[in-house]
Amino acid sequence: NAGVMQNPRHLVRRRGQEARLRCSPMKGHSHVYWYRQLPEEGLKFMVYLQKENIIDESGMPKERFSAEFPKEGPSILRIQQVVRGDSAAYFCASSEGVRSGNTIYFGEGSWLTVV
Amino acid sequence: AQTVTQSQPEMSVQEAETVTLSCTYDTSESDYYLFWYKQPPSRQMILVIRQEAYKQQNATENRFSVNFQKAAKSFSLKISDSQLGDAAMYFCAYRSASRGGTASKLTFGTGTRLQVTL
């Protein structure tokens, strides 16, 4: 049973370009979460999605950031017009069902470097 | 809003010894879940142990155990017989037990870096 799969693992973008990070949840999981980890800091919640729906985006920056989880295919975290401050590790996680007790499993992260 | 505090930025333990990592949290809820995650140099987030707040019995997973003090809002992690592979960042996390919605997210502490020495 494959875990949460993220790609790319490492991504380098110039300032002003777009970054797209993809996440395939664990088999049987329909809930996806995105977290950001800045250097030397803990993980900060960004957004929680179920298939075709954004449930909680309270941690998403108001501009340039968007996320989707389509009916078919992986979840996508999109960052437009990247700036140096966007350089971070972006972790995707997934869980099954609707009970909050379900454990959240993390992917290996995608490292974005903005030059 | 819930907060999670880890007051020890760094800890060190000798191989085969025992170490305890501290975590406190603040919440007005009575039902919730607490977790410890490990982040080794590979940066992957690995679940170490989980505790349901409604259970009085402390969770145990092999060499890892917790001391859950609900009244004090304390959730410490004890690592026994420490091994070199235990060296990592350890994050304490909180999750509400409310059904779905905004309660589903994890709130993390700032982490404790554990060094294991020979």
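Could you tell me whether any residue of the range B:99-106 is touching a residue at least 24 places away in the same chain (Cβ under 8 Å), at the interface with chain A (Cβ under 8 Å from one of its Cβ atoms) and within 19 Å of B:Ala1 (Cβ to Cβ)?
The initial filter retains those residues of the range B:99-106 that are touching a residue at least 24 places away in the same chain (Cβ under 8 Å), namely B:106.
Now narrow it down to the ones that are at the interface with chain A (Cβ under 8 Å from one of its Cβ atoms): B:106.
Of the ones still in play, those that are also within 19 Å of B:Ala1 (Cβ to Cβ) are B:106.
Yes, the conditions are met somewhere in the range B:99-106.
If you go through the range A:26-77, how many residues are surrounded by 18 or more Cβ atoms within 10 Å (Cβ to Cβ), touching a Ser or Thr at 6+ places or on another chain (Cβ under 8 Å) and within 23 Å of B:Met89 (Cα to Cα)?
4
Tally time: how many residues in the range B:55-80 are in contact (Cβ under 8 Å) with a residue 24 or more places away in the chain and either farther than 23 Å from B:Glu15 by Cβ or among the β-branched types (Val, Ile, Thr) (or both)? Please lay out each step first, then the result.
Initial filter on the range B:55-80 (in contact (Cβ under 8 Å) with a residue 24 or more places away in the chain): B:64, B:66-68, B:72-80.
Applying the additional criterion that residues be either farther than 23 Å from B:Glu15 by Cβ or among the β-branched types (Val, Ile, Thr) (or both) yields B:66, B:68, B:72-75, B:79.
Selection size over the range B:55-80: 7.
For the range B:29-74, what are the residues that are part of a loop (DSSP other than H, G, I, E, B), under 21 Å from A:Glu40 (Cβ atoms) and not small (Gly, Ala, Ser)? It would help to see each step written out before you state the result.
Residues of the range B:29-74 part of a loop (DSSP other than H, G, I, E, B): B:29-31, B:40-45, B:53-59, B:62-63, B:70-73.
After this cut, where a residue has to be under 21 Å from A:Glu40 (Cβ atoms) as well, the list is B:40-45.
Listed by number, the residues that qualify are B:Pro40, B:Pro41, B:Arg43, B:Gln44, B:Met45.
Would you check if there is a residue in the range B:12-21 being more than 13 Å from chain A (Cβ to nearest Cβ), within 15 Å of the chain's Cα centre (by Cα) and in contact (Cβ under 8 Å) with a residue 60 or more places away in the chain? Spell out the reasoning first.
First pass over the range B:12-21, keeping only residues more than 13 Å from chain A (Cβ to nearest Cβ): B:12-21.
After this cut, where a residue has to be within 15 Å of the chain's Cα centre (by Cα) as well, the list is B:19-21.
Within this subset, residues satisfying the condition of being in contact (Cβ under 8 Å) with a residue 60 or more places away in the chain are B:19, B:21.
Checked against the condition, which is being more than 13 Å from chain A (Cβ to nearest Cβ), within 15 Å of the chain's Cα centre (by Cα) and in contact (Cβ under 8 Å) with a residue 60 or more places away in the chain, the range B:12-21 yields at least one hit.
How about the range A:64-82: which of its residues are modelled with pLDDT under 95 and out of contact with any strand residue (DSSP E or B) (no Cβ under 9 Å at 6 or more places or on another chain)?
The answer is A:Lys71, A:Glu72.
Test A:Tyr105 against the stated conditions and say whether it is aromatic (Phe, Trp, Tyr), open to solvent by less than 20 Å² (accessible area, probe 1.4 Å) and touching a residue at least 60 places away in the same chain (Cβ under 8 Å).
Details: aromatic (Phe, Trp, Tyr): yes; open to solvent by less than 20 Å² (accessible area, probe 1.4 Å): no; touching a residue at least 60 places away in the same chain (Cβ under 8 Å): yes.
Against the criterion (aromatic (Phe, Trp, Tyr), open to solvent by less than 20 Å² (accessible area, probe 1.4 Å) and touching a residue at least 60 places away in the same chain (Cβ under 8 Å)), A:Tyr105 does not qualify.
Go through the range A:1-88 and tell me which strands (runs of 3 or more DSSP E), entirely inside it, have 1 or more residues that are among the β-branched types (Val, Ile, Thr). Don't jump to the end; show me each part of the working.
Numbers: elements: A:5-7, A:10-13, A:19-24, A:31-37, A:43-50, A:53-56, A:65-68, A:75-79.
Of the strands (runs of 3 or more DSSP E) lying wholly inside the range A:1-88, those with at least 1 residues that are among the β-branched types (Val, Ile, Thr) span A:10-13, A:31-37, A:43-50, A:53-56, A:75-79.
Can you tell me which of (1) away from chain A (no Cβ under 14 Å); (2) open to solvent by 20 Å² or more (accessible area, probe 1.4 Å) is the one B:Asp31 doesn't meet?
(1)
Output the number of residues of the range B:3-19 satisfying the condition of being under 20 Å from B:Ala53 (Cα atoms) and either modelled with pLDDT of 95 or more or open to solvent by less than 60 Å² (accessible area, probe 1.4 Å) (or both). Even if it seems obvious, please write down each step before you answer.
Just the residues of the range B:3-19 that are under 20 Å from B:Ala53 (Cα atoms), to begin with: B:3-6.
Imposing the further condition that a residue be either modelled with pLDDT of 95 or more or open to solvent by less than 60 Å² (accessible area, probe 1.4 Å) (or both) reduces the set to B:4-6.
Of the residues in that region, 3 qualify.
The values are calculated or read from the model by the stated rules, or taken from the named source; none is laboratory data. Treat the numbers as computed from the prediction; the structure is a model and nothing was measured. With ideal geometry, Cβ positions are generated from the backbone for all residues, glycine too; neighbour counts draw on all protein chains shown. With ligands, DNA and RNA removed, areas are computed over all heavy atoms of the protein, side chains included. Shrake-Rupley method; radii C 1.70, N 1.55, O 1.52, S 1.80 Å.
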